[in-house]
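The values are calculated or read from the model by the stated rules, or taken from the named source; none is laboratory data. All of these numbers come straight from a predicted model, not from anything done at the bench. A quick note on method: Cβ atoms are made from the backbone with ideal geometry, for glycine too, and the neighbour counts reach across all protein chains shown. Heads up: the accessible areas ignore ligands, DNA and RNA and are worked out on the full protein's heavy atoms, side chains in. Shrake-Rupley method; radii C 1.70, N 1.55, O 1.52, S 1.80 Å.
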Amino acid sequence: MGSKDKKVLIVDDQYGIRVLLHEVLDKEGYTIFQAPNGVTALQIVKDEQPDLVLLDMKIPGMDGLEILRHIRNIEPETKVIMMTAYGELDLIKEATVLGAITHFTKPFDIDELREAVNQQLVS
């Protein structure tokens, strides 16, 4: 299986972050999906079963933890990496309980994030 078979969903309400991540991960050869909100994200999880979700913690409407709970109900095996603002440690703990692999604090190092994604998907 090449990396083209691997699907990554980017969930962030900030357009700039979605574009940046899309660009970087597209170069790695993944199939990328983007969602600006929870409703769209969960629809993509249902339709596409992404291998990995990059999930922002603070999204208007349905927040990251709520989205993560729903993802777990739909696709329990999906790998999730959280993206957080500084100081959301209580939320991180809860995300970890819900099975998030790791988290990156914004502004994150794009290369570190890329490495983390590659580590999770090169299996």
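Could you list, in sequence order, all residues of the range 31-71 that are part of a loop (DSSP other than H, G, I, E, B) and surrounded by 14 or more Cβ atoms within 10 Å (Cβ to Cβ)? Please lay out each step first, then the result.
Step one: of the range 31-71, the residues part of a loop (DSSP other than H, G, I, E, B) are 36-37, 49-51, 57-63.
P36, N37, P50, D51, M57, K58, I59, M62, D63, listed by residue number.
So which of D90, D26 ends up being closer than 18 Å to D109 by Cα, open to solvent by 60 Å² or more (accessible area, probe 1.4 Å) and not in a loop (DSSP other than H, G, I, E, B)?
D26
From T102, T78, which residue is open to solvent by 50 Å² or more (accessible area, probe 1.4 Å), in contact with a strand residue (DSSP E or B) (Cβ under 9 Å, 6 or more places away or on another chain), on the phi < 0 side of the Ramachandran plot and hydroxyl-bearing (S, T, Y)?
Testing whether each residue is open to solvent by 50 Å² or more (accessible area, probe 1.4 Å), in contact with a strand residue (DSSP E or B) (Cβ under 9 Å, 6 or more places away or on another chain), on the phi < 0 side of the Ramachandran plot and hydroxyl-bearing (S, T, Y) leaves just T102.
Just give me the residues in the range 72-87 being outside any loop (DSSP other than H, G, I, E, B) and of a type in the set (S, T, Y), in sequence order.
Of everything in the range 72-87, just one residue is outside any loop (DSSP other than H, G, I, E, B) and of a type in the set (S, T, Y), namely T84.
Consider the range 102-123. How many of its residues are under 20 Å from E28 (Cα atoms) and in a loop (DSSP other than H, G, I, E, B)?
Qualifying residue count for the region: 4.
Consider Q34 carefully, then state whether it is within 11 Å of the chain's Cα centre (by Cα) and not basic (K, R).
yes
Would you please name the residue that is surrounded by the fewest Cβ atoms within 10 Å (Cβ to Cβ), looking only at residues in the range 12-23 that are among the aliphatic types (A, V, I, L, M) and in contact (Cβ under 8 Å) with a residue 60 or more places away in the chain?
Checking each candidate, the answer is L20.
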